[in-house]
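One structure is given here, and the rest of the page talks about it.
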Amino acid sequence: MSDVTERNGKCLCGAIRITAGSGSNSVGACHCRMCRRWGGGPFMEIDCGTDVLIGGEENVSVYDSSAWAERGFCTKCGTHLFYRIKETGQHMMPVGLFENDECLVFDNHVFIDEKPAFYEFANETKDMTGAEIFAMYGSSP
Ligand SMILES: [Zn+2]
Ligand SMILES: [Zn+2]
């Protein structure tokens, strides 16, 4: 399976166009309370790193969601654009924004300990709790 070197995406209304340079094909789902409140369900995300170009940036609104991260959305159509770590500039982006999804692999869950009991994914994945995530990234909840 070869890695994609560039991903292209856009918001629902087309005011925002995204070019992400990441080669990662790994898709994760975040089940934390904040992501579920933000999007109405688990956040299906792809790690696009720091190499992200956002066209139509005047239409992006950024919500300061915690001490360590912020969340962007299109002011015209409300499409969620990114969860960005302030310190590193790392972008976790909704996988649904992108056109080319052929080589994606859904392989991890984060904040699995905050997942409610009423849904379950059947994919075989690596699952991490909130405490494990914070230990890995060195920030505290
Ligand atoms: Zn839009
Ligand atoms: Zn989350």
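The values are calculated or read from the model by the stated rules, or taken from the named source; none is laboratory data. For clarity, every value in this text was computed on a predicted model and none was experimentally measured. Virtual Cβ from ideal backbone geometry, glycine too; neighbours counted across all protein chains shown. All accessible areas refer to the heavy atoms of the entire protein, side chains included, with ligands and DNA or RNA removed. Shrake-Rupley method; radii C 1.70, N 1.55, O 1.52, S 1.80 Å.
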Note: among GLU132, GLU120, just one is more than 16 Å from the chain's Cα centre (by Cα), in a loop (DSSP other than H, G, I, E, B) and not aromatic (Phe, Trp, Tyr), namely GLU120
State yes or no: is MET92 under 19 Å from PHE134 (Cβ atoms) and not in a helix (DSSP H, G or I)? yes
In region 62-69, is there at least one residue being within 16 Å of ligand 1 (Cβ to nearest atom) and open to solvent by 60 Å² or more (accessible area, probe 1.4 Å)? yes
For region 97-111, state whether one or more residues are more than 16 Å from ligand 2 (Cβ to nearest atom), at pLDDT 95 or above, open to solvent by less than 80 Å² (accessible area, probe 1.4 Å) and in contact with a helix residue (DSSP H, G or I) (Cβ under 7 Å, 6 or more places away or on another chain). no
Report yes if some residue within region 49-63 is modelled with pLDDT of 95 or more, among the acidic types (Asp, Glu) and part of a strand (DSSP E or B); otherwise report no. no
Please specify each residue of region 1-22 satisfying the condition of being closer than 10 Å to LEU53 by Cβ, modelled with pLDDT under 95 and either buried (at least 18 other Cβ atoms within 10 Å of the Cβ) or more than 18 Å from the chain's Cα centre (by Cα) (or both). ALA20
